Each structure stands twice: as structure tokens, then as C-alpha cells.
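First up is the structure itself, then whatever we jot down about it.
The values are calculated or read from the model by the stated rules, or taken from the named source; none is laboratory data. Values in this document were obtained by computation on a predicted structure and should not be read as measured data. Every residue, glycine as well, gets a Cβ built from its backbone with ideal geometry; the counts of neighbours run over all protein chains shown. Just so you know, the surface numbers come from the protein's heavy atoms only, side chains and all, with ligands and any DNA or RNA stripped out. Shrake-Rupley method; radii C 1.70, N 1.55, O 1.52, S 1.80 Å.
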Amino acid sequence: MSITVSTLMERAYEQSRPITAQLELTYKCNLLCSFCYNAPKQRSELVGDQWLTALDRLQAAGTFTITLTGGEPFVHRDFWRIAEGVRERGLVLKVYTNGVLLADRAKVERYAELAPFDTEISLHGARAATHDRLTGIHGSFDRLMEALGNLSSVGVKVTLKTPITRLNQRELREVDEVGERFGYKVTYDTNITPTDDGDLSPLSLAADKEFLIAFLADQVRRGRRGLSPRPVEKMKQNCGTGRTTVTIDPYGDVFPCIAWRRKVCNILEVEDFAAVWQGRAGRNETLEFVRKVADEVPRSTLAPHEEGGFASFCPAVAEKETGDAYAFYGAARVSGLVKLEAFRRVRGEPGTVTEGERLATDGKPA
Amino acid sequence: MSEPTTNANPAELVFARRRDISFQDFGGEGLLVVPRQSLQIVLNGTSLRLLQLVDGRRTVADLVAAFAAEYDAPSAETLEADLLAALAELEGHGAIERLPHD
Ligand SMILES: C[S@@+](CC[C@H](N)C(=O)[O-])C[C@H]1O[C@@H](n2cnc3c(N)ncnc32)[C@H](O)[C@@H]1O
Ligand code: SF4
């Protein structure tokens, strides 16, 4: 049997190795996106040395890829020390940014020296008015365009990320063209999530379902994405939460993934983080719970539903929306129905889901 | 600039890991990431061990000796040929580079 990257990922899963860590360096940000899921607290944020300690502890537990995010990671005053610390340790560096601070040629040249594997930049529309409306800051689009010019001229790989909202859904073709202008691929996120402290208001920006169906079908027809159901009956797990993924917030609190804010420990309080993650330091209720849920959800929550294989299901969102991590919450059902319908349209099968009852949940909690 | 290799004795060649790569052992096989080429590939056990041993000082002869000590190796010539092939592959992926002769 040939060994593929997925085989290695399965091994990491079986060994509960936290191979990808997302570090939220700071919740400070130079933009004001109204839908942002961050929920800052009145606590002091980790400084450079503390993040370097965190890197050592993560690496000892088997972390391979570090994603620096936030807030806006470039706003952290020790960003460069931390990013250099990632590379000095031989770890893979990824960064999620709004790009604004990269409208600076010298900074981008320094950034390229770090050899980031990927830089994911949020693009909220093809027009300045749309992007700036979503980011809340006039001029953010123009700065981003300048940043993309800088990045492409020094050959840094960028993936543009566009969360689809009611405000930008009509200009997505043009968003693709913005990407093409710089030689960058655009990925679309059809899921808008609640905030980390459970506020559901970002969901009001979610795009229309009819629009999403047509959009997905169009993307498939143009070969921009694939669309097929996940084999939920056979799946070993829903996701890598608490096993292959780990998130640390600006205060050092460790979570099983970016979405699930059930605390595992604080990275500065545990010298042997590997022992915590692998259960050698005693039982950890959070890890035990999220792992169990991730293992059971495909069969218990998704398999009984026709649209289950298509649903983007996040047990953390389920818990935030309904109080039950296993609940097939409104937005997950809608995501499944939308993709199922798009799948049928692409195959030329008669649609069964229209604007009818089954979509009446509208992405909001039932 | 690296030297042309045609005249060099392969046993004396020295390789170094390129600074921008990352790799990790995933239980026998390894994962190699080369950002410059947006490359992410699986390394077999031999290539993974080579990447761990290549340090800008060891010669190919040293690598052959290290492998012979660690594994039930075939003859030294076969081992050297195998390792040179694996080194060439790693070089092709941009994971290592040949150092110039002193
Ligand atoms: C929190 S931001 C941090 C990195 C950086 N400041 C940025 O905006 O890219 C990470 C990603 O989450 C997206 N995001 C923020 N709030 C969201 C929400 N409620 N639902 C879905 N995506 C969201 C952002 O658009 C961005 O792509
Ligand atoms: S730029 Fe990123 S972190 Fe800042 S407000 Fe927007 S989504 Fe949140």
C-alpha cells in the first residue's frame, strides 16, 4: 500500500498528535469586522518570550505546523520574533491576516525571508465599498490591493479567503478576477459562525440559500471545486478537534480547536504539554469529551440524514447554538441541504429542495 | 556555486539541508514541506533518515557508514548507489543542496 499524506495524518490522529497549532497572538486588530468571531477579555496577552515557550512545548508534543492568527497577528509587537521562532525551530509557518500591514514593500521582503508555507488573506469583496463596509475601515481594500501586489512581486504564496455574506454574494465572480489579477486562488467559506462567546448575531450576515445553491453548482460546473458527500457511515471522525489540532488564545489558554472554547489547560502552566495532550498527566475532561464527540458525530448525528454527508458540521457550533454538541443545528442542516441540492442540479437530477419548508430554518437556531 | 559533480568522487560529496524546509517523522515515514515549491510529500524511511543525518559536514562515505551500522545493509557499493539516488531525489525536491568542495 502506498503511503500518502493522508496516511500520515491518520497516524497523527491515532497517536493524538497536535500536528497543527493555531496561535491567536493577539485580539487587537486594525479592522472592525462586524461579524468577527473573536471575543476579547480583559486579561493581559502573552508577550514574545511566552510565545516562544509555547512553541517549545507544542513542538515537544509533536506540533509540525504553526498558524499565526488573531485578531491581526501583524499587530502583535513581537510578531517577528515569534514568526522567526517558528522557523528557527524548523516548524512550518502559516499566517492568517487581513493584509493591511503588508502594504509595505520592506515588510513584505522581510516576511518572504521567513519562507511561510501559506498566507491566508481575507478578501471581503471585489469592490472597495463592499470590502470596507464589511471590515468597518475605509481604505482597507486599497491597502490590501497594495499588499497583494507586494506579495506577488516577491513570490509569496497567498490563498485569498472570502466568507460569503449577503453583502458580497453578488460580486463573487469579480472576487475571482481580483485573485486572478495577482495569480492567487480564492477559497470561499459558506459558513458564518457565532462569536466565541456564543453571540449569534454574525449569522444575520449569512448569504441567501438559493444564492448559495446556484453559486456552488456554478463553481462545480466551472471545475473550481468538487462536491460529493462524505461517507459519514464509514468515517472514523468528524474532525481533528482535540487530537490533531490545538488552538491557543492570546492569554495562553489551550483549546481543542479554533471553534471549541472548552479550555484544556494554560500553556504556561504545564511544562509537559505532551503529557497533558496524551493523557499521561491524568484525565482531561475537555479532551475526553471533544474526542468522543468527534468520533461519534458522523454516525450519530449525520448518518441518519440524507443531507448529513454534505453538511459542514461543527460540534462546537452545535454546542454554542443549542447547548448540545451532537445536535444537528440549523446552519449545519442548511449547509447540507444547500450542497445536496447543488449536487443534484449539477447531475441534472430534479431538485427536491427549493425555497420550501426544509430550508425554512434559515441558518438560525430552531 | 556548487561544483560540477562529474569529476568528484561521489563518496566525498557533502550535502546540507536547505534552511527553509520542514520535516517530521510520522512513525517510520516522514513528511517533507518545501515552501519555495509549495511542496508537501511523504518520505520513505531511507530518505527521512538521510535528511536527519545530512548536516553539511558528513560526506556520502560517512552516510554510508552510518546506514551500514544502523541497518542490515547490502554491500557498501549497493548502499552507496541507493543513498546517492535518494540524495539526488531530495536535491530535486529542493530539500538539500550540495556543498562545494573545500
Ligand atoms: C478572525 S480572522 C483572524 C485573521 C485576520 N485578522 C483575518 O481577518 O484574516 C480569521 C478568519 O476568520 C474569518 N471570520 C471572522 N469572523 C467570522 C465568522 N463569524 N464566521 C466565519 N468566518 C469568520 C475572517 O474573515 C478570517 O478569514
Ligand atoms: S480583520 Fe480579522 S480579526 Fe480583525 S476584525 Fe476582521 S476578522 Fe476579526
**Prompt:** Which value, to two decimals, describes the C-alpha radius of gyration of segment B:10-96 once divided by 2.2 N^0.38 Å?
**Reply:** 1.04
**Message:** Please compute the alpha carbon radius of gyration of segment B:33-78, then divide it by the globular-protein estimate 2.2 N^0.38 Å. Two decimals is fine.
**Reply:** 1.37
**Fill in**
Farthest towards the positive end of the dipole of segment B:10-96, among B:Leu39, B:Ser75, B:Phe15 and with Cβ unit charges of +1 on Lys and Arg and -1 on Asp and Glu, lies the Cα of B:Leu39
**Prompt:** When the distances between all Cα atoms of segment A:144-200 are binned every 5 Å from zero, what whole-number percent does each bin get?
**Reply:** 4, 17, 24, 19, 15, 11, 8, 3, 0
**Asked** Amide H of A:Arg89: which non-local residues (sequence gap of 5 or more, or other chain) have their own amide H closer than 5 Å, using H built in the peptide plane?
**Response** none
**Complete:** Note on chain A: helices (DSSP H) long enough, at least 30 Å by alpha carbon along their axis, and hydrophobic enough, mean Kyte-Doolittle at least 1.6, are none
**Message:** Summing both sides, how much accessible area is buried between B and A? Use a 1.4 Å probe and give Å² to the nearest 100.
**Reply:** 1500 Å²
**Computed helical MRE - 222 nm, the protein assembly as shown, DSSP H runs ≥ 4 contributing -39500 (n - 2.57), nearest 500** = -11000 deg cm²/dmol
**Complete:** So the FRET efficiency between B:Ala81 and B:Arg19, C-beta based with R0 = 22 Å and rounded to 0.05, is 0.20
**Message:** I'd like the accessible area for A:Val5: 1.4 Å probe, protein heavy atoms, all chains in place, Å² to the nearest 10.
**Reply:** 40 Å²
**Request:** With a bin width of 5 angstrom, please list the P(r) values of segment A:1-112 as percents of all Cα-Cα pairs, from the 0 bin to the one holding the largest distance.
**Result:** 2, 10, 19, 20, 17, 14, 10, 5, 2, 1, 0
**Asked** How large is the accessible surface per residue of the protein assembly as shown, computed with a 1.4 Å probe and reported in Å² as a whole number?
**Response** 45 Å²
**Complete:** On the formula 1/(1 + (r/R0)^6), with r taken between the Cβ atoms of A:Glu349 and B:Ala61 and R0 of 60 Å, the FRET efficiency rounded to 0.05 is 0.40
**Request:** Starting from the Cα of A:Thr195, move 7 Å in the Cα-to-Cβ direction to define the label point; list residues of segment A:50-70 whose amide nitrogen is under 17 Å from there.
**Result:** A:70
**Item:** Estimated FRET transfer efficiency when R0 is 30 angstrom, pair B:Gln37-A:Glu296 (beta carbons, to 0.05)
**Value:** 0.15
**Request:** Lys and Arg at +1, Asp and Glu at -1: add these up for the other residues within a Cβ distance under 10 Å of A:Val186 and post the number.
**Result:** 0
**Fill in**
Checking rank on B:85-94, B:46-55, with mean other Cβ inside 10 Å and highest first, the result is B:46-55, B:85-94
**Complete:** Taking only protein heavy atoms and a 1.4 Å probe, the highest-to-lowest accessible-area order of A:Lys41, A:Lys339 is A:Lys41, A:Lys339
**Message:** Can you give me the % of accessible surface on the protein assembly as shown that is carbon or sulfur? Probe 1.4 Å, all protein chains present, nothing else counted.
**Reply:** 49 percent
**Asked** Rounded to two decimals, what is Rg over Rh for the protein assembly as shown when you use alpha-carbon atoms and the Kirkwood radius?
**Response** 0.99
**Prompt:** Gap in Å between the Cα centre of segment A:258-312 and the Cα centre of segment A:118-177?
**Reply:** 33 Å
**Message:** Along the Cα→Cβ direction, 7 angstrom out, place labels at A:Ala106 and A:Ala129. What is the inter-label distance in nm?
**Reply:** 3.7 nm
**Prompt:** Which residues, if any, in segment A:57-98 have at least 40 Å² less accessible area in the whole protein complex than in the isolated chain, probe 1.4 Å?
**Reply:** A:Phe64, A:Arg87
**Prompt:** Using a 1.4 angstrom probe on protein heavy atoms only, which residues from segment A:99-146 are buried by at least 20 Å² of accessible area when all chains are present rather than their own chain alone?
**Reply:** A:Ala115, A:Phe117
